[in-house]
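Working notes, structure below.
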Amino acid sequence: MELSYILKLRNALKPELRHMPLFQNGSAIIVENKEKEILLEEKVDREIWCLPGGLQELGETFEEVAIRELFEETGLKANKEDLVLIDVISGESRKNSYPNGDEVYNNTVLYCVSNYTGTLNCDYAEITDNNNSNFVLQKESRNLKFFDINNLPQNLMDKDLIQRYIKFRNKE
(Lines give C-alpha, C1' and ligand atoms only; values in the text may rest on other atoms or scores of the structure.)
Protein backbone atom coordinates (compact mmCIF):
# COMPACT_ATOMS: atom_id res chain seq x y z
CA MET A 1 0.00 0.00 0.00
CA GLU A 2 1.55 3.27 -1.12
CA LEU A 3 1.57 6.39 1.03
CA SER A 4 -0.96 8.86 -0.38
CA TYR A 5 0.13 11.85 -2.42
CA ILE A 6 -1.55 14.21 0.06
CA LEU A 7 0.56 12.84 2.93
CA LYS A 8 3.70 13.05 0.79
CA LEU A 9 2.88 16.65 -0.09
CA ARG A 10 2.24 17.61 3.53
CA ASN A 11 5.51 16.01 4.67
CA ALA A 12 7.45 17.92 1.99
CA LEU A 13 6.25 21.22 3.47
CA LYS A 14 7.96 23.11 6.28
CA PRO A 15 6.57 21.94 9.65
CA GLU A 16 4.72 25.23 10.22
CA LEU A 17 2.84 24.77 6.89
CA ARG A 18 1.96 21.06 7.16
CA HIS A 19 -1.58 21.63 8.42
CA MET A 20 -2.55 24.49 6.09
CA PRO A 21 -5.83 23.95 4.23
CA LEU A 22 -5.58 22.04 0.94
CA PHE A 23 -8.09 21.27 -1.81
CA GLN A 24 -9.00 17.62 -2.30
CA ASN A 25 -11.01 16.13 -5.16
CA GLY A 26 -13.02 12.99 -4.70
CA SER A 27 -16.31 11.16 -4.82
CA ALA A 28 -18.92 10.00 -2.37
CA ILE A 29 -21.60 7.44 -3.01
CA ILE A 30 -25.04 6.94 -1.57
CA VAL A 31 -26.00 3.27 -1.55
CA GLU A 32 -29.73 2.65 -1.43
CA ASN A 33 -31.19 -0.69 -0.39
CA LYS A 34 -34.62 -1.96 -1.49
CA GLU A 35 -36.28 -0.08 1.39
CA LYS A 36 -34.63 3.17 0.18
CA GLU A 37 -32.45 3.28 3.29
CA ILE A 38 -28.93 4.66 2.80
CA LEU A 39 -25.66 3.04 3.82
CA LEU A 40 -23.42 4.87 6.28
CA GLU A 41 -20.07 3.90 7.74
CA GLU A 42 -18.89 4.71 11.24
CA LYS A 43 -15.29 5.96 11.15
CA VAL A 44 -12.77 4.59 13.64
CA ASP A 45 -10.75 7.79 14.05
CA ARG A 46 -13.59 10.20 14.81
CA GLU A 47 -16.57 8.12 15.94
CA ILE A 48 -18.83 9.71 13.32
CA TRP A 49 -21.04 8.27 10.59
CA CYS A 50 -20.46 9.25 6.95
CA LEU A 51 -20.99 8.19 3.37
CA PRO A 52 -18.55 5.86 1.63
CA GLY A 53 -16.14 7.88 -0.48
CA GLY A 54 -12.66 9.22 -0.78
CA LEU A 55 -10.00 11.00 -2.75
CA GLN A 56 -9.23 10.80 -6.42
CA GLU A 57 -5.97 9.07 -7.30
CA LEU A 58 -3.88 10.25 -10.24
CA GLY A 59 -5.52 9.28 -13.53
CA GLU A 60 -8.83 8.17 -12.01
CA THR A 61 -12.22 9.37 -13.14
CA PHE A 62 -14.73 10.39 -10.46
CA GLU A 63 -16.81 7.31 -11.32
CA GLU A 64 -13.77 5.10 -10.74
CA VAL A 65 -13.17 6.80 -7.38
CA ALA A 66 -16.74 6.10 -6.28
CA ILE A 67 -16.57 2.45 -7.36
CA ARG A 68 -13.13 1.85 -5.79
CA GLU A 69 -13.98 3.57 -2.51
CA LEU A 70 -17.31 1.75 -2.29
CA PHE A 71 -15.53 -1.59 -2.57
CA GLU A 72 -12.64 -0.69 -0.25
CA GLU A 73 -14.85 0.73 2.49
CA THR A 74 -17.88 -1.57 2.28
CA GLY A 75 -17.06 -4.69 0.26
CA LEU A 76 -19.85 -3.81 -2.20
CA LYS A 77 -19.34 -3.65 -5.97
CA ALA A 78 -21.08 -1.36 -8.45
CA ASN A 79 -20.79 -0.85 -12.19
CA LYS A 80 -20.22 2.53 -13.80
CA GLU A 81 -23.47 2.34 -15.76
CA ASP A 82 -25.43 1.92 -12.48
CA LEU A 83 -24.09 5.15 -10.95
CA VAL A 84 -26.47 8.11 -10.92
CA LEU A 85 -24.83 11.53 -10.73
CA ILE A 86 -26.53 13.66 -8.09
CA ASP A 87 -24.37 16.78 -7.92
CA VAL A 88 -20.92 18.31 -7.48
CA ILE A 89 -20.56 19.89 -4.04
CA SER A 90 -17.82 22.30 -2.97
CA GLY A 91 -17.29 25.32 -0.74
CA GLU A 92 -17.52 25.91 3.01
CA SER A 93 -19.89 22.99 3.61
CA ARG A 94 -17.10 20.65 2.46
CA LYS A 95 -14.47 21.98 4.88
CA ASN A 96 -13.10 19.21 7.07
CA SER A 97 -10.51 18.89 9.83
CA TYR A 98 -8.73 15.65 10.66
CA PRO A 99 -7.68 14.52 14.16
CA ASN A 100 -4.01 15.30 13.36
CA GLY A 101 -4.84 18.96 12.58
CA ASP A 102 -4.92 18.78 8.78
CA GLU A 103 -7.58 21.00 7.19
CA VAL A 104 -9.07 20.38 3.75
CA TYR A 105 -11.74 21.66 1.42
CA ASN A 106 -13.24 18.70 -0.43
CA ASN A 107 -14.62 19.08 -3.95
CA THR A 108 -16.99 16.11 -4.00
CA VAL A 109 -18.80 14.44 -6.88
CA LEU A 110 -21.84 12.72 -5.37
CA TYR A 111 -23.33 9.56 -6.86
CA CYS A 112 -26.15 7.23 -5.93
CA VAL A 113 -26.43 3.51 -6.64
CA SER A 114 -29.17 0.99 -5.93
CA ASN A 115 -27.87 -1.87 -8.08
CA TYR A 116 -24.84 -3.43 -6.37
CA THR A 117 -23.43 -6.80 -5.36
CA GLY A 118 -21.30 -8.17 -2.55
CA THR A 119 -21.43 -8.55 1.20
CA LEU A 120 -20.90 -5.72 3.68
CA ASN A 121 -17.38 -5.80 5.09
CA CYS A 122 -15.56 -3.08 7.05
CA ASP A 123 -12.11 -4.70 7.36
CA TYR A 124 -10.35 -2.28 4.97
CA ALA A 125 -7.32 -0.51 6.48
CA GLU A 126 -5.38 2.48 5.19
CA ILE A 127 -2.13 4.25 6.00
CA THR A 128 -2.78 7.21 8.30
CA ASP A 129 -0.62 9.88 9.89
CA ASN A 130 -1.15 9.80 13.65
CA ASN A 131 0.88 13.02 13.88
CA ASN A 132 4.47 14.12 13.34
CA SER A 133 4.90 11.71 10.40
CA ASN A 134 4.05 8.67 12.55
CA PHE A 135 2.37 6.52 9.88
CA VAL A 136 0.37 3.44 10.80
CA LEU A 137 -1.93 1.00 9.06
CA GLN A 138 -5.34 1.59 10.61
CA LYS A 139 -8.76 0.10 10.04
CA GLU A 140 -10.94 2.85 8.54
CA SER A 141 -14.47 1.82 9.54
CA ARG A 142 -15.94 0.47 12.75
CA ASN A 143 -19.42 -0.31 11.46
CA LEU A 144 -21.60 -0.29 8.33
CA LYS A 145 -25.35 0.14 8.58
CA PHE A 146 -28.36 1.13 6.48
CA PHE A 147 -30.43 4.03 7.88
CA ASP A 148 -33.82 5.50 7.04
CA ILE A 149 -33.20 9.09 5.90
CA ASN A 150 -35.68 10.26 8.54
CA ASN A 151 -33.78 8.49 11.32
CA LEU A 152 -30.09 9.28 10.79
CA PRO A 153 -27.51 9.17 13.59
CA GLN A 154 -26.78 12.41 15.50
CA ASN A 155 -23.00 12.17 15.03
CA LEU A 156 -23.29 12.54 11.24
CA MET A 157 -20.75 13.93 8.79
CA ASP A 158 -21.72 14.64 5.16
CA LYS A 159 -25.04 16.26 6.11
CA ASP A 160 -24.67 18.57 3.11
CA LEU A 161 -24.32 15.61 0.75
CA ILE A 162 -27.30 13.81 2.24
CA GLN A 163 -29.41 16.98 1.93
CA ARG A 164 -28.50 17.17 -1.79
CA TYR A 165 -29.51 13.53 -2.15
CA ILE A 166 -32.89 14.19 -0.46
CA LYS A 167 -33.55 17.17 -2.78
CA PHE A 168 -32.58 15.02 -5.78
CA ARG A 169 -34.92 12.21 -4.70
CA ASN A 170 -37.80 14.63 -4.08
CA LYS A 171 -37.53 15.94 -7.66
CA GLU A 172 -38.01 12.47 -9.17
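Looking only at residues that are among the small types (Gly, Ala, Ser) and over 23 Å from LYS171 (Cα atoms) in the stretch 89-99, which one is surrounded by the fewest Cβ atoms within 10 Å (Cβ to Cβ)? Can you show your working first?
To start, the set of residues in the stretch 89-99 that are among the small types (Gly, Ala, Ser) comprises 90-91, 93, 97.
Next, only the ones that are over 23 Å from LYS171 (Cα atoms) stay: 91, 97.
Numbers: GLY91: 10, SER97: 12.
The selected residue is GLY91.
Within the stretch 20-74, restricting attention to residues that are under 16 Å from VAL84 (Cα atoms) and among the polar types (S, T, N, Q), which residue is farthest from the chain's Cα centre (by Cα)?
ASN33
Can you say whether ASN11 is modelled with pLDDT of 90 or more and not aromatic (Phe, Trp, Tyr), as far as the supplied structure shows?
Values: modelled with pLDDT of 90 or more: no; not aromatic (Phe, Trp, Tyr): yes.
Judged against the criteria, ASN11 is not a match.
The values are calculated or read from the model by the stated rules, or taken from the named source; none is laboratory data. Keep in mind the model is a prediction, meaning the values are calculated, not measured. In this analysis, Cβ positions are derived from the backbone assuming ideal geometry, glycine residues included, and neighbour counts consider all displayed protein chains.
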